[in-house]
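Nothing in this text is a laboratory measurement; each read-out follows from the coordinates by a stated rule. Small disclaimer: the values here were computed from a predicted structure and weren't measured. In this analysis, Cβ positions are derived from the backbone assuming ideal geometry, glycine residues included, and neighbour counts consider all displayed protein chains.
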Amino acid sequence: MARSIDEYLRARFMPHIWCPGCGHGIILNALLRAIARLDLPNDKVCVVSGIGCASRAPGYLDFNTLHTTHGRAIAFATGIKLANPDLHVIVVTGDGDGAAIGGNHLIHAARRNMGVTTIMFNNSIYGMTSGQYSPLTPSGRLATTAPYGNVERNFDMCELVKASGANYVARATVAHARQLSTYIERAITTSGFAFVEAVGNCPTYFGRRNKLGGPVEMVEALKKNSITAAAAAKLDPAEIRGKIIIGEFYRGDAPGYIELYDGVIERAKEAAGK
Amino acid sequence: MISAGNPEAPVLVRREWCKGCGICIAMCPKKVLESAPDGKALVARPDDCIKCETCEIMCPDFAIRVVAKKAAAPDQGREAVRGGR
Amino acid sequence: MAGKCDTRARLLQGNESCAEAALLAGVRFFAGYPITPSSEIAEILSERLPQLGGKFIQMEDEIASMAAVVGASLAGMKAMTATSGPGFSLKQENLGFASFTEVPCVIVNVQRTGPSTGLPTSPGQGDLMQARWGTHGDHPVVALYPSSVSETFDLTVKAVNIAERLRVPVVLLMDEVVAHMRERVIVPCEDEIEIAWRPRPTVPPEDYLPYEAGPNGVPAMADFGTGYRWHITGLYHDTTGFPTSAPAKVDQLVRRLCGKITNHKRDITFTWDEHMDDAKVAVVACGIVARSARRAVRLAREKGIAAGVFQPKTIWPFPHEQVAEIAARVDRIVVPEMNMGQLVGEVQCAARGKCEVIGYSRVDGEPITPEEILAVLSEV
Ligand SMILES: Cc1ncc(C[n+]2csc(CCOP(=O)(O)OP(=O)(O)O)c2C)c(N)n1
Ligand code: SF4
Ligand code: SF4
Ligand code: SF4
Ligand SMILES: [Mg+2]
């Protein structure tokens, strides 16, 4: 039967360092509930992160946990998965960590269909370094390094990861925490690379600078600004501009790298035996 | 865990973890929760609780738990673990 | 394979020797990114590792390769990567992570003429200091430096063993000339060499303190997924592995880490010398230059010059003690090297003015010849 999420928390370190109302906590909560529903034993789960507020999550989790360097979590996770394919390797990354400095590792892990689940905690900003713009900061928004408004365009991470070859791609917001948790659950059970973009909120930097109100207002805004993929498909691009499209964008079953490499080992052994 | 008010309350707030963000209070469909003088969540109207678990799921700090669970889990059905490879 | 191994002489290329030695020492994981003049190591391991049930992966860059190596090592595989200058630069941040979090791994740097893209197919020895100080902050690291294909075999095995035993990254610095030359190597059998593994926890998971120093200053390491659920972070951490900024604990950690090298210096220092007993002038050289030096010294002896040669095979930690001892009894030390003077600084530091120290740099992408060194030795 399903476990309690308390079995997965290193309660002695709580309360966590995140600010009051930080969406990262809601995403982590959704992740733990997904793992609990899957009834995964603590020893079988490995959570790897990079650097940033989001990346501080593993310290609070009673799994095999690894807090690495900025942007590189997926590459570390790749080594872990290859060395021990029995582990459920889950990467927790921020929008800066995973889409900027770590973007290359993300697309290549997707292309390889590496057996790693990546949850991107997208708060539209660099939280830990106090509010600079990220590749996921929407155009026009303010940031400490975009005092006149962000002139860059933001990535659509789900389109990017889908195009790169992942087996599972979905997006939800913290205002859709149940749906988010379900997507994460499906991601973990996917063989091959799985990606979930969790759109959250950073009240301290993104919210304050852009005058979006407190945590409650930000969560409510996420709910209001979201539109399902199915609904979006019926509208023309002008109508969905600025909306967050949520839903599952891809579920595939292409063979994963681990499976394919098992085949390499077989062929190599055969060749060596000759 | 420290219960706010009624020890029979279906919902408990772990005050030492609660950061008083107000999310649970705003999201509760039955207005069961209120803000205590120190800003933390308070179970003000336990009898109105429908055990929907929204507060628990939305809390960023793992600080509020619905102890009297409904028979059916609110999260959607379990996925089969396909080895996760 | 086991049981019917015969020690045998094989004609191997330097890079091949490195790859075969790594396999013999138990390396079962390689992640890399192609770069001249190291690529043969990756090519050979892509073929050989899966034959042994190991894993090879060509990552998207050297940053990722280094990260994957650390990940695989944490999950219990002996892991290695190989690169050259530009890639070695990219590996530095995660090499520092491995050093700080004490994850065993071997990084082969087949040097080429730098800086930047430099001369991709020409030899150079410009990465000596980078091997020591390439990543930021105080950190332990070991670097070994072979001068022949046979030494490459031996030092690769030693590199893997030191990495495991001390839980440090070990850099194998190679010269392009050695990497690409073919020489005879006596390949030992598995039971003829020592094979070390990282220390393992002897306590149950609930009592495990992942960063509590063992008797030799090295903590026991549990593989991910074996029931010891520990936390690894590049932040300063205490014996539990969790972050701390308490000054006393910060101080304790960095001192213990650096102490792993200084306290084991004797076990990890390998050197070679010839004609040093009565030498009045010593040549201190590493890698391929040590071979030219050896020849130069023999030629000098024929001319009646009392020359000797000293080759540090362990370049980091630098054998200061031995060089100091040499400085005390010779008149002069000559340091030929294929860079603008990196080794010579270290020799000067060790010599402490007890003898004259003369550097000789060749930086045109060509190896230093015995005749050049002889000429320096002849200028009295
Ligand atoms: C190589 C490197 N460059 C820069 C930094 C500084 N840095 C730390 S966290 C961070 C951004 C984090 O943003 P994000 O990934 O969105 O995470 P968040 O804090 O928003 O959760 C940066 C730039 C670093 N630690 N390492
Ligand atoms: S700075 Fe922003 S992202 Fe970081 S903990 Fe605070 S609210 Fe969360
Ligand atoms: S369970 Fe639902 S009704 Fe009860 S307090 Fe929580 S949110 Fe309100
Ligand atoms: S959501 Fe959690 S932290 Fe926020 S007020 Fe409610 S119980 Fe406290
Ligand atoms: Mg962010």
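Points worth noting:
- The calculated FRET efficiency for the pair residue C:349 and residue A:129, based on their C-beta separation and a Förster distance of 45 Å, comes to about 0.70.
- Label-point separation, residue B:35 to residue A:2 (7 Å along Cα→Cβ), nm: 3.1
- Panel order for B:17, C:197, by other beta carbons found within 10 Å of each beta carbon, from fewest to most: C:197, B:17.
- Helix A:103-112 and the long axis of chain A differ in direction by around 40°, with both axes built from C-alpha atoms.
- Residues of type lysines that residue C:354 reaches as a straight line, Cα spacing below 20 Å, ignoring anything fewer than 8 places off in the same chain: C:280
- Note on the protein assembly as shown: antiparallel DSSP beta bridges, both residues inside, total approximately 30 percent of the bridges counted.
- Backbone N within the stretch A:170-210 under 17 Å of label point (7 Å from residue A:39 Cα along the Cβ vector): A:185-186, A:189
- Other protein chain Cβ atoms within 10 Å, averaged over every residue that makes up C:28-36: 1
- Cut-off 15 Å, label 7 Å out along Cα→Cβ of residue C:197, residues of the stretch C:58-83 by amide N: C:73-79
- Rounded to 5, percent antiparallel among DSSP beta bridges of chain C: 30
- Chain C: most fluctuating residue of C:273, C:223, C:191 per GNM, C-alpha cutoff 10 Å: C:191
- Estimated FRET transfer efficiency (residue C:262, residue A:139; beta-carbon r; R0 56 Å; 0.05): 0.55
- For chain C, calculated [θ]222 nm from helices alone, where every DSSP H run of n ≥ 4 adds -39500 (n - 2.57): -11500 deg cm²/dmol
- A straight line joining the Cα centroids of the stretch A:48-107 and the stretch C:87-122 runs 22 Å.
- Loop GluC sites (Glu not before Pro), the stretch C:346-380, which have at most 14 other Cβ atoms in a 10 Å radius of their Cβ (DSSP): C:379
- Sparse-neighbourhood loop sites, trypsin sites (Lys or Arg not before Pro) in the stretch C:257-346 - DSSP loop, at most 12 other Cβ within 10 angstrom: C:303
- Net length gained if the chain between residue C:272 and residue C:117 were fully extended (0.36 nm per residue, minus Cα distance): 52.6 nm
- Residue among C:89, C:361, C:99 with the largest mean-square fluctuation in a Gaussian network model of chain C, springs linking Cα atoms under 10 Å: C:361
- The stretch C:226-265 and the stretch C:276-330: distance between their alpha carbon centers, rounded to Å: 38
- Kirkwood radius for the protein assembly as shown, taken over all pairs of different Cα atoms as the inverse mean of 1/r, rounds to 27.8 Å.
- Springs between Cα atoms under 10 Å define the GNM used for chain C, and in it the highest mean-square fluctuation of C:75, C:163, C:293 occurs at C:75.
- Degrees, to the nearest 10: C:247-262 long Cα axis against longest axis of chain C: 50
- Span from the the stretch A:219-247 Cα centroid across to the the stretch C:41-61 one, whole angstrom: 45
- Difference of contour (0.36 nm per residue) and Cα-Cα distance, residue A:111 to residue A:211: 32.1 nm
- Across peptide B:21-28, the mean count of Cβ atoms from other chains lying within 10 Å of each residue's own Cβ comes to 6.
- Each eigenvalue of the Cα gyration tensor of the stretch A:140-194, multiplied by 5 and square-rooted, gives one semi-axis; in descending order these are 29, 16, 7 Å.
- C-alpha long axis of helix C:320-329 to longest principal axis of chain C, angle in °: 20
- Computed over the stretch A:5-273: relative contact order in percent, which uses C-alpha pairs under 8 Å that are six or more apart: 18
- Net +/- balance of residues flanking residue C:274 in space, Cβ distance below 15 Å, scoring K and R +1, D and E -1: +2
- Beta bridges by DSSP in the stretch C:271-378, antiparallel share as percent, to the nearest 5: 25
- Close amide H partners of residue C:357, meaning residues 5 or more places away or on another chain with modelled amide H under 5 Å apart, are C:333.
- Relative intensity, log₁₀ I(q)/I(0), of the stretch C:8-192 from a Debye sum that treats every alpha carbon as a point, q = 0.10, 0.13 Å⁻¹: -0.32, -0.55
- Other protein chain Cβ atoms within 10 Å, averaged over every residue that makes up A:183-190: 3
- Model label points for residue C:136 and residue C:246, set 7 angstrom from Cα along the Cα-to-Cβ axis, are 2.6 nm apart.
- Bridging of residue C:260 to aspartates and glutamates at a Cα separation below 20 Å is possible for C:102, C:138, C:164, C:212, C:238, C:251, C:321, once same-chain residues fewer than 8 apart are set aside.
- A Stokes-Einstein calculation at 4 °C with viscosity 1.567 mPa s, built on the Kirkwood radius of the stretch A:5-273 over Cα pairs, returns a diffusion coefficient of 69 µm²/s.
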